[in-house]
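Asker: There's a structure below that I have some questions on.
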Amino acid sequence: MKVKRILPLVLSLCMVGGTFAGLAGCNGGGDDDGGTTPPPGHSHTYTLWHDNGDGTHSPKCSGSTDPECDAPVKTSEKESHEAFMTNGACSKCGYTSGGGEDTSTALPAGNKIFLVGDSTVCSFNDSSYYLPRYGYGTQITEYFNVTSSQVVNLAASGRSAYSLMTESASNYSSFTSGIKAGDYLFIGFGHNDEKSEVARYADPTLDADNETTMIDTYNAQRPVSFKYILKHYYIDVALNAGATPVLCTPISRLFKDDEKAKYDKDHTTEDKTVEVGGTNVTFNGGDYAKAIRDLGADLGITVVDLKTPLATEYKTLGYAEASKYHAATGAEWADETKTVKKATGIDGTHTNLYGAKNNAYTIASAIKASTNDLKNHVKTNITKPTYAEYGEAAANQNYQIIEKQPFNPETDASKTVGSLTATITDATTSTEYKWYGTVFGAGANKNNFNISQGSDENGVTFTITVDSGKGKIESGQDIMAAVFIQVPMETAFTMTATADVSGISGKQSGYGIMVRDDIYVGDYTSTVNSNYLNAGCYTTDSASYTLYWRIGTKLGYSENLALSNANGSHELSIKRLSQNTLLGYDDYSKKLLENEYNLDLRDNQYVYVCLWATRGMSVTYSNITFETDEWEQA
């Protein structure tokens, strides 16, 4: 069968002009950044025409009309390709020599580059991160001849191609109303379209004109075809305005060295059945990057393949080196001298500044090697970013290491309060988690807080009673009593409970199911203001708020509820996924996206799921359930 040069507009840093360009990678000649930036006289390593061991060509040449397949057998040797260098760019792999003065053409002052997409594209404000998150959209000005005002980054964290229109309607409106003739549009979705959630899911198996609204038997009441959404809500809008759209495949996620096989399956999902509103719904799986490439080929739209070159680079570098491209929530001391910081809480999805520059460089290099008119506005003197140049710059120089050790059941259990013997069984895996009790906060005294364990026909119960005027919730600190379980950080779970409440009279009281960053056991001196999310109540002198959260010394809250209604019986739930957490209180609910909070700032190994109370009240928790789910990378 003839080997076709498919997808002529699909571009990546070292795969340009066709899927079988015969290149394993671009190789340098002893440059000090590991050979990833070839100097003049660079070479290419060939694998397409390698020797099978008997003097014959690779099976990839079977039926191919590529003239290289008629050439002598090659054995993966390096071969110089100076002949392919034109105006500083190699037509074989897209490498640009860079350096010197930029001789590119500036994008006309009246035109702009728009970007729509998800968190891998957007900007963040990660003041608490050691290696803050940066989407590649923030670095476009580094590699294209444009001013900062000519780049309009409308991407938003947690959004899919469809949910950008509903959850970030103002961003989408700015795109549709602002784009015009001569502009360009980068489209970077795929990560969140994979999620088995009606609000974000898109089906990669359906074609671009399929208007079905059905997910299995569930009516989503809007088109669910991934290609349809991209074509009709983004590509056609740009084309009708006279602008030029560019599709980008999602960037590769980062995997551990013993999980390298996952790179080949990244952004390829399996069918998944989940319960939606009491009905089992099947979300079709498929290959999202391929769907983007196929759509580009069908419509004649330029596609920049970000997944393939990044995955190849990550596999070659290995986890330790590849992780340098990624964001990190925290850091620890690398040695006893406490002079060098080591990143912890590596984010396998989101890049830091260095990684964002790398992805933006890949885009620019691919565009430069394409036939897209935007190639004229790629800076001619760009070079692949190096860790030596940008690694230090990616770190938050104001980050302070908080030396807080995780709760250790073997050494710390003796400090807990109450006689708790109960465990809770994960309904999914049958894993048992032990309950512990604690009282903490500056000035607390365990004699004013009582925790007791009981049981009813539905299982274990806990009653937490706090003396009047003791404990409190305020912006600067928390003082409370709680029962808790310790759960590994990357665990998706749902906990539910019924809370029977009495004694609330306002004045900084509260209760609920809380998932928090860290836990303090028997600590009555520390001022505790670590991050958490709470499904329950926080009160002031005159009002109560059904759902609230702490981010450092700032309290956020949702629905306002009369103080008198905070007593009585209430149904509570917390559903934590990899990228968002849903809080539930009776008929109220609130979703918080992961970019709005950080649960591994102090303890990056675990989260703590608590049933708690404070300040002059009594709460009995019953009907307690706990169930884990698959942790999905964002």
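Asker: Looking at V121, V198 in this structure, which one is farther than 24 Å from H350 by Cβ and part of a loop (DSSP other than H, G, I, E, B)? Lay out the reasoning, then the answer.
Answerer: Values: V121 fails: farther than 24 Å from H350 by Cβ.
Selected residue: V198, the only one of V121, V198 that is farther than 24 Å from H350 by Cβ and part of a loop (DSSP other than H, G, I, E, B).
Asker: Only one of (1) buried (at least 22 other Cβ atoms within 10 Å of the Cβ); (2) more than 22 Å from the chain's Cα centre (by Cα) fails for A334. Which number is that?
Answerer: Going through (1) buried (at least 22 other Cβ atoms within 10 Å of the Cβ); (2) more than 22 Å from the chain's Cα centre (by Cα) one by one, A334 breaks only (1).
Asker: Among the residues of segment 322-337, which ones are in contact (Cβ under 8 Å) with a residue 24 or more places away in the chain and out of contact with any Ser or Thr (no Cβ under 9 Å at 6 or more places or on another chain)? Reasoning before the result, please.
Answerer: Keep residues of segment 322-337 that are in contact (Cβ under 8 Å) with a residue 24 or more places away in the chain, which gives 322-333.
Residues satisfying the conditions are S323, K324.
Asker: Report, ordered by the first and then the second residue, all pairs with beta carbons closer than 9 Å, sequence separation of six or more or different chains, a first member in segment 399-411 that is surrounded by fewer than 10 Cβ atoms within 10 Å (Cβ to Cβ), and a second member that is of a type outside the set (D, E, K, R) and modelled with pLDDT of 85 or more.
Answerer: Listed by first residue and then by second, the contacts come to E403/W333.
Asker: How many of the residues in segment 438-462 are under 14 Å from V619 (Cβ atoms) and surrounded by 19 or more Cβ atoms within 10 Å (Cβ to Cβ)? Talk me through it step by step, then tell me what you get.
Answerer: We begin by selecting, within segment 438-462, every residue under 14 Å from V619 (Cβ atoms); these are 449-454, 461-462.
Still in the list and also surrounded by 19 or more Cβ atoms within 10 Å (Cβ to Cβ): 449, 451, 461-462.
Residues in segment 438-462 being under 14 Å from V619 (Cβ atoms) and surrounded by 19 or more Cβ atoms within 10 Å (Cβ to Cβ): 4 in total.
Asker: Report, by residue number, each residue of segment 359-403 that is in a helix (DSSP H, G or I) and of a type in the set (V, I, T).
Answerer: Kept after step one, since they are in a helix (DSSP H, G or I), are these residues of segment 359-403: 359-368, 373-377, 387-390, 392-394.
Those that are in a helix (DSSP H, G or I) and of a type in the set (V, I, T): T362, I363, I367.
Asker: So which residues in segment 322-345 are part of a helix (DSSP H, G or I) and of a type outside the set (K, R)?
Answerer: Going through segment 322-345, the residues part of a helix (DSSP H, G or I) turn out to be 322-325.
Selection gives A322, S323, Y325.
Asker: Taking segment 238-262 on its own, how many of its residues are crowded, with 22+ Cβ neighbours inside 10 Å and under 19 Å from the mean Cα position of the chain (by Cα)?
Answerer: Residues in segment 238-262 being crowded, with 22+ Cβ neighbours inside 10 Å and under 19 Å from the mean Cα position of the chain (by Cα): 7 in total.
Asker: Are any residues in segment 257-302 in a helix (DSSP H, G or I), among the acidic types (D, E) and touching a residue at least 24 places away in the same chain (Cβ under 8 Å), and if so, which ones? Give the steps one after another, and end with the answer.
Answerer: Here is the first cut: in segment 257-302, the residues in a helix (DSSP H, G or I) are 257-259, 261-265, 288-299.
In the following step, the residues that additionally are among the acidic types (D, E) were identified as 257-259, 264, 294, 298.
Of everything in segment 257-302, those that are in a helix (DSSP H, G or I), among the acidic types (D, E) and touching a residue at least 24 places away in the same chain (Cβ under 8 Å) turn out to be D257, D264, D294, D298.
Asker: So in segment 557-571, with the set limited to residues that are surrounded by 13 or more Cβ atoms within 10 Å (Cβ to Cβ) and closer than 11 Å to Y538 by Cα, which one is farthest from the chain's Cα centre (by Cα)?
Answerer: L563
Asker: Could I ask something else about it? If I filter segment 211-218 for residues that are touching a Lys or Arg at 6+ places or on another chain (Cβ under 8 Å), of a type outside the set (A, V, I, L, M), assigned to a loop (DSSP other than H, G, I, E, B) and within 24 Å of T302 (Cα to Cα), do I get at least one hit? Break it down into steps so the answer makes sense when it comes.
Answerer: Kept after step one, since they are touching a Lys or Arg at 6+ places or on another chain (Cβ under 8 Å), are these residues of segment 211-218: 213.
Of the ones still in play, those that are also of a type outside the set (A, V, I, L, M) are 213.
Now drop any that are not assigned to a loop (DSSP other than H, G, I, E, B), which leaves 213.
Then drop every residue that is not within 24 Å of T302 (Cα to Cα), which leaves none.
Checked segment 211-218: no residue is touching a Lys or Arg at 6+ places or on another chain (Cβ under 8 Å), of a type outside the set (A, V, I, L, M), assigned to a loop (DSSP other than H, G, I, E, B) and within 24 Å of T302 (Cα to Cα).
Asker: Pick from segment 412-428 the residues that are part of a loop (DSSP other than H, G, I, E, B) and touching a strand residue (DSSP E or B) at 6+ places or on another chain (Cβ under 6 Å): which of them is surrounded by the fewest Cβ atoms within 10 Å (Cβ to Cβ)?
Answerer: First pass over segment 412-428, keeping only residues part of a loop (DSSP other than H, G, I, E, B): 416-422, 426-428.
Still in the list and also touching a strand residue (DSSP E or B) at 6+ places or on another chain (Cβ under 6 Å): 416-418, 420, 422, 426-428.
Details: T416: 21, V417: 19, G418: 21, L420: 18, A422: 19, D426: 17, A427: 12, T428: 14.
For segment 412-428, the residue satisfying everything is A427.
Asker: Can I ask one more? Does K180 fit the bill of being in the same structural domain as A291 (by TED's automatic domain parsing), touching a residue at least 24 places away in the same chain (Cβ under 8 Å) and either assigned to a helix (DSSP H, G or I) or farther than 25 Å from P309 by Cα (or both)?
Answerer: Working: in the same structural domain as A291 (by TED's automatic domain parsing): yes; touching a residue at least 24 places away in the same chain (Cβ under 8 Å): yes; either assigned to a helix (DSSP H, G or I) or farther than 25 Å from P309 by Cα (or both): yes.
For K180, the condition - in the same structural domain as A291 (by TED's automatic domain parsing), touching a residue at least 24 places away in the same chain (Cβ under 8 Å) and either assigned to a helix (DSSP H, G or I) or farther than 25 Å from P309 by Cα (or both) - is met.
Asker: If you don't mind, another one. Of the residues V276, V224, V281, which is buried (at least 22 other Cβ atoms within 10 Å of the Cβ) and either more than 29 Å from S365 (Cβ to Cβ) or β-branched (V, I, T) (or both)?
Answerer: Details: V276 fails: buried (at least 22 other Cβ atoms within 10 Å of the Cβ); V281 fails: buried (at least 22 other Cβ atoms within 10 Å of the Cβ).
Just one listed residue meets the conditions, V224.
Asker: Follow-up. Could you list all residues from segment 538-580 that are part of a loop (DSSP other than H, G, I, E, B) and touching a helix residue (DSSP H, G or I) at 6+ places or on another chain (Cβ under 6 Å)?
Answerer: Residue satisfying the conditions is Q579 alone.
Asker: A further question follows. Taking H350 as meeting all but one of (1) in a helix (DSSP H, G or I); (2) within 14 Å of Y129 (Cβ to Cβ), write down the number of the exception.
Answerer: Condition not satisfied by H350: (1).
Asker: Still on this structure, I have one more. For residues that are hydroxyl-bearing (S, T, Y) and over 19 Å from the mean Cα position of the chain (by Cα), scanning just segment 337-378, find the one that is farthest from A395 (Cα to Cα).
Answerer: Going residue by residue through segment 337-378, those that are hydroxyl-bearing (S, T, Y) are 337, 339, 344, 349, 351, 354, 361-362, 365, 370-371.
Then keep just the ones that are over 19 Å from the mean Cα position of the chain (by Cα); that gives 337, 339, 361-362, 365, 370-371.
Working: T337: 20, T339: 15, Y361: 20, T362: 22, S365: 26, S370: 34, T371: 37 Å.
Ranking the qualifying residues of segment 337-378, first place goes to T371.
Asker: Among the candidates A334, A356, A322, which residue alone is within 30 Å of N531 (Cβ to Cβ) and modelled with pLDDT under 95? Give the steps one after another, and end with the answer.
Answerer: Numbers: A356 fails: modelled with pLDDT under 95; A322 fails: modelled with pLDDT under 95.
Selected residue: A334, the only one of A334, A356, A322 that is within 30 Å of N531 (Cβ to Cβ) and modelled with pLDDT under 95.
Asker: Residue by residue through segment 219-243, note down the ones that are on the phi > 0 side of the Ramachandran plot and either in contact with a Lys or Arg (Cβ under 7 Å, 6 or more places away or on another chain) or part of a helix (DSSP H, G or I) (or both).
Answerer: Scanning segment 219-243 gives a single hit, G242.
Asker: Scan segment 192-206 and tell me whether some residue there is touching a strand residue (DSSP E or B) at 6+ places or on another chain (Cβ under 9 Å), among the β-branched types (V, I, T), crowded, with 19+ Cβ neighbours inside 10 Å and at pLDDT 95 or above.
Answerer: No.
The values are calculated or read from the model by the stated rules, or taken from the named source; none is laboratory data. This structure is a prediction, so every number in the text was calculated from the model and none was measured. Note: ideal-geometry Cβ built from the backbone for every residue, glycine included; neighbour counts use all protein chains shown.
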